[in-house]
């Protein structure tokens with residue numbers, strides 16, 4: 001009888017306690033599901049928000065009066081691609097900061113005015129950059145400036161609010177002059193030839 005009353009009391013205590021294992025199982029399944037979702041979303045988010053720059057192919061075979069060193073070729077490609085990425089960001093967001101980081105002189109003045117005009121008219125421009133085939137035609141004897149001919153494949157969309165009001169895709173020929181500034185090249189002249 002004593003053993004029976006002890007078992008009965010223990011049964012009552014266990015009946016009063018909520019079952020921990022089903023709750024624990026639900027929490028573990030929930031956590032595992034969240035971990036799977038996060039592991040799938042993070043790589044996708046990295047690709048979406050990656051700092052992708054347009055492809056730039058540089059040809060220096062016909063440059064003069066001096067040859068372009070390998071390290072200079074790499075920095076010209078890097079900085080010219082960064083300038084185009086900055087131009088695209090500036091026009092898409094009507095922001096001057098990306099221009100100030102990548103352009104100087106005449107190019108900066110002209111592009112700054114374009115952003116101000118867009119802002120005043122309530123439009124933005126989306127540039128979908130499909131790449132640049134660039135030929136270096138002049139590299140100054142002191143290494144402070146390089147002149148480029150650029151054949152760019154661009155898709156341009158003009159947006160009013162979120163609606164595309166104009167779109168075109170074309171190969172556009174640009175004349176560009178890059179000059180050394182601080183620790184990199186900046187675009188001083190960027191003119192399309194028509």
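Summary of values
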quantity	calculated
Contacts under 8 angstrom Cβ, first residue in region 64-83 being more than 14 Å from residue 54 (Cα to Cα), partner part of a helix (DSSP H, G or I), 6 or more apart	68/76
Test result for residue 146, modelled with pLDDT of 95 or more and in the same structural domain as residue 91 (by TED's automatic domain parsing)	yes
Identity of the residue in region 111-157, in contact with a strand residue (DSSP E or B) (Cβ under 7 Å, 6 or more places away or on another chain) and on the phi > 0 side of the Ramachandran plot, that ends up surrounded by the fewest Cβ atoms within 10 Å (Cβ to Cβ)	122
Residue under evaluation residue 170, criteria (1) surrounded by fewer than 17 Cβ atoms within 10 Å (Cβ to Cβ); (2) in contact (Cβ under 8 Å) with a residue 24 or more places away in the chain; (3) farther than 16 Å from residue 71 by Cα, criterion not met	(2)
Which numbered condition residue 58 misses (of (1) modelled with pLDDT of 95 or more; (2) surrounded by fewer than 19 Cβ atoms within 10 Å (Cβ to Cβ); (3) not in a helix (DSSP H, G or I))	(2)
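The values are calculated or read from the model by the stated rules, or taken from the named source; none is laboratory data. What you see is a predicted model; the values in this text were computed from it and never measured. Don't worry about glycine lacking a Cβ; one is built from the backbone with ideal geometry, like all the others, and counts go over all protein chains shown.
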